[in-house]
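Q: Got a structure for you, written out below as structure tokens; questions coming shortly.
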Amino acid sequence: MVDGRVARTWPRIKVTREIMKIALGVSGGIAAYKAAEIVRHLQERGLQVQVIMTAAAQEFVRPLTFAALSGEKVITSMFGSSAEEPNLDSAVEHISVAQSIDCLLVAPVTADVIAKFAQGIANDFLSTLYLATSAPVIIAPAMNVNMWEHPATRANLEILRRRGVQVVEPGSGYLACGMVGAGRLAEPEQIAAATLECLGIAQDFAGETVLITAGPTHEPIDPVRYLGNRSSGKMGYALAEAALRRGAKVVLVSGPTALQPPSAAHSIFVETAHQMRSAVLDRWEQASFIIMAAAVADYHVKNFASEKIKRNGPMELQLEPNADILADLGSLRHAAGRTSPMLIGFAAETGNLLENARAKLSKKRADAMVLNDVSRPEIGFNSDRNEVTIVTSSDAILVPEASKLKVAQRILDEALRLRQTRAALSPSRSS
Ligand code: PMT
């Protein structure tokens, strides 16, 4: 609820994004149930997870559990649902999966699967996938301490390490078999972090709260009509995805879009500039970064009608200025003598680009303005791509045209760098 109105839900379409895909192999050990938590951690970082279960794993956990969690088909056999009626697509599915993944994670991995991988045995989907993929491979062992310490297991692990397979070392403690010792599956959070690191996704926003605004606002003319703009929300949603991947807690304040927000983001849906302002000002003090990608209407219709205006010749709208949310944040932060949160605005310009962006930077007391030339149809509004210049009081850093996700990652890089630079220059100032 914002401003007493129930936020409306809009039909959501999945936007094709550069989602990184992980194949999660689950093999047969009591720790198989922990793989469910690994799925959740990976999804919270915006990754797509396809689960592959060995026959033994299915003795411990039902495939339905992973299907429900991952939202993806769970692969449980080499040839589709039943070997009696092999499905031709499934006959080569291991190849298509092998080529589509960014990483193969096996957690838990049993001594049996380690041995198969080491010896190149391919007699089920998982072991075949291991041989078929060129993606990085990470294994998280879980087994009885004697099996873990057995020379055969040691030798097989050594073979895999030499091939570049990353091993997430098991912990020690009470084991399912009642013994005490090494062989406990590492914590799901640790396995997820190792996977992200393997994908080159630093968790440099872990512990940070990033508040992002996205999309347009709609200013009602009457119950049917509104003033809007061309923002699709893609830039803001890409920022949310990029921040989640890097470990941030993300609060996404979104105007009306057709996009599906990242599930791990805390999303707040608003319609008007006034509602967006309330949603942002209610949360600004808990944020460490605020990135205002939304195209917030500068005016609302003062004489909006509660009934649909009948068509009757010319219609006059009285437009009244909306509050400038970013400028309000700059003033609030200044008045509180704070340097946190980092305030990053976007400047949608069509001319005098740098001059206009710098003017907004100082007028709104922002730390940076992300300038984009919205007169170019191939970037900016509703495009999947953008080209921006990150303008600060001392710099103007060009981020050449790229996907909005890649541009978002660069904006986050610069936001972190800017905060570090500022902290180094004024270590004494409060947060
Ligand atoms: O959503 P997409 O289709 O992906 O398009 C992305 C985008 C073009 C919308 C995005 O890259 C962008 O430029 N967003 C800012 C659009 C905008 O309102 O720019 P502006 O120059 O009018 O506003 C400057 C800054 O002040 C912005 O951060 C804006 O959020 C903020 N603002 C503006 C008006 C207002 N009343 N309150 C504000 O806080």
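No lab work stands behind these numbers, since they all come straight from the coordinates. Nothing here was measured: the structure is a model prediction, and the numbers come from that model. Note that each Cβ is placed from the backbone with ideal geometry, even for glycine, and that neighbours are counted across all protein chains shown.
Q: To make sure I understand the rule: partners must be lysines, Cα under 16 Å from the Cα of LYS21, and not fewer than 8 residues away in the same chain. Which ones qualify?
A: LYS21 reaches LYS73.
Q: Tell me, what is the percent relative contact order of the chain, built from C-alpha pairs under 8 Å that lie six or more residues apart?
A: Computed over the chain, the figure is 12 percent.
Q: A further question follows. Pairwise over distinct Cα atoms, reciprocal of the mean inverse distance: report the Kirkwood radius of the chain in Å, one decimal place.
A: Answer for the chain: a Kirkwood hydrodynamic radius of 24.2 Å.
Q: Can you list residues whose amide H is under 5 Å from VAL253's amide H, if they're 5+ apart or on another chain and H is modeled 1.01 Å from N?
A: ILE212, THR213, ALA214, ILE268
Q: Would you work out the charge dipole size for the stretch 284-384 about its Cα centre, treating the Cβ of every Lys and Arg as +1 and the Cβ of every Asp and Glu as -1, and quote it to the nearest 20 debye?
A: Using only the charged Cβ atoms, the result is roughly 220 debye.
Q: While we're looking at this one, here's another question. Considering amide H positions built from the backbone, and no H for Pro or chain starts, which residues 5 or more places from ALA305, or on another chain, come under 5 Å of its amide H?
A: Those lying under 5 Å, H to H, from ALA305 are ASP222.
Q: If you take the charge dipole of the chain about its Cα centre, with +1 on Lys and Arg Cβ and -1 on Asp and Glu Cβ, which of ILE75, LEU281, ASN229 is farthest toward its positive end?
A: Of ILE75, LEU281, ASN229, it is LEU281.
Q: Nearest 20 debye, what's the magnitude of the dipole of the chain about its Cα centre given +1 on Lys and Arg Cβ and -1 on Asp and Glu Cβ?
A: Rounded to the nearest 20 debye, it is 800 debye.
Q: Continuing with the same structure: Rounded if a/c is under 1.5, else prolate if a/b is larger than b/c, else oblate: which is the stretch 216-315, with a ≥ b ≥ c the root eigenvalues of its Cα gyration tensor?
A: prolate
Q: Charges on Cβ only, +1 for Lys and Arg, -1 for Asp and Glu, centred on the Cα centroid of the chain; of GLN203, ALA327, GLN409, which one is farthest towards the dipole's positive end?
A: The residue sitting farthest along the positive end of the dipole is ALA327.
Q: Can you pull the semi-axes for the stretch 137-263, root of five times each eigenvalue of the Cα gyration tensor, sorted largest first, whole Å?
A: 49, 15, 11
Q: Ranking ARG154, ARG245 by Cβ neighbours within 10 Å, fewest first, what do you get?
A: Lowest to highest Cβ neighbour count: ARG154, ARG245.
Q: What ³J(HN,Hα) values, in whole Hz, does the Karplus curve 6.51 cos²θ - 1.76 cosθ + 1.60 give for the stretch 408-424 when θ = phi - 60°, with x put for Gly and Pro?
A: Once rounded to whole Hz, the list reads 4, 4, 5, 4, 5, 3, 5, 4, 5, 4, 4, 5, 5, 4, 5, 5, 5.
Q: Give the lysines reachable from LYS310 as a straight Cα distance under 20 Å; neighbours fewer than 8 places away on the same chain don't count.
A: Excluding near neighbours in sequence, the set is LYS302.
Q: Return LYS363, LYS116, LYS406, LYS249 ranked ascending by Cβ neighbour count within 10 Å, so the fewest neighbours appear first.
A: LYS363, LYS406, LYS249, LYS116
Q: Now for a separate question. Compute the separation of the alpha-carbon centres of the stretch 208-239 and the stretch 362-431 and state it in Å as a whole number.
A: Here the answer is 19 Å between Cα centres.
Q: Name the residues of the stretch 201-229 whose amide N is less than 19 Å from a point 7 angstrom out from the Cα of LYS302 along the C-beta direction?
A: Under 19 Å, as judged by backbone N against the label point of LYS302, lie 219-222, 227 of the stretch 201-229.
Q: Give the order of TYR130, TYR226 when sorted by the count of other beta carbons within 10 angstrom, beginning with the fewest.
A: So the residues, fewest neighbours to most, are TYR226, TYR130.
Q: Return the sequence-ordered ³J(HN,Hα) values of the stretch 137-153 in whole Hz as given by the Karplus equation 6.51 cos²θ - 1.76 cosθ + 1.60 applied to θ = phi - 60°, using x for Gly and Pro.
A: Ordered by residue, 3J(HN,Hα) equals 10, 10, 10, 10, x, 8, 5, 4, 4, 5, 5, 5, 8, 5, x, 5, 5 Hz.
Q: Can you tell me the Rg and Dmax of the stretch 21-198, counting just the alpha carbons, in angstroms?
A: Just the Cα atoms of the stretch 21-198 yield Rg and Dmax of 15.1, 46 Å.
Q: Got a sec? Charge dipole of the chain, +1 on Cβ for Lys and Arg, -1 for Asp and Glu; which of ALA359, GLN119, VAL97 is way out at the positive end?
A: Of ALA359, GLN119, VAL97, it is ALA359.
Q: Then there is this: Can you list the GluC sites (Glu not before Pro) in the stretch 278-317 that are in a DSSP coil and have 13 or fewer other beta carbons within 10 angstrom?
A: Within the stretch 278-317, the qualifying GluC sites (Glu not before Pro) (loop, at most 13 other Cβ atoms within 10 Å) are GLU307, GLU316.
Q: Residue by residue, what Karplus-based ³J(HN,Hα) values in Hz, rounded to whole numbers, does the stretch 122-131 have, using 6.51, -1.76 and 1.60 with θ = phi - 60° and x for Gly and Pro?
A: Karplus values, whole Hz, x for Gly and Pro: 9, 10, 8, 4, 5, 5, 6, 4, 4, 6.
Q: Expressed in whole Å with the largest first, what are the equivalent ellipsoid semi-axes of the stretch 364-431 derived from the C-alpha gyration tensor as the square root of 5 times each eigenvalue?
A: Taking √(5λ) for each eigenvalue gives 27, 12, 9 Å, largest first.
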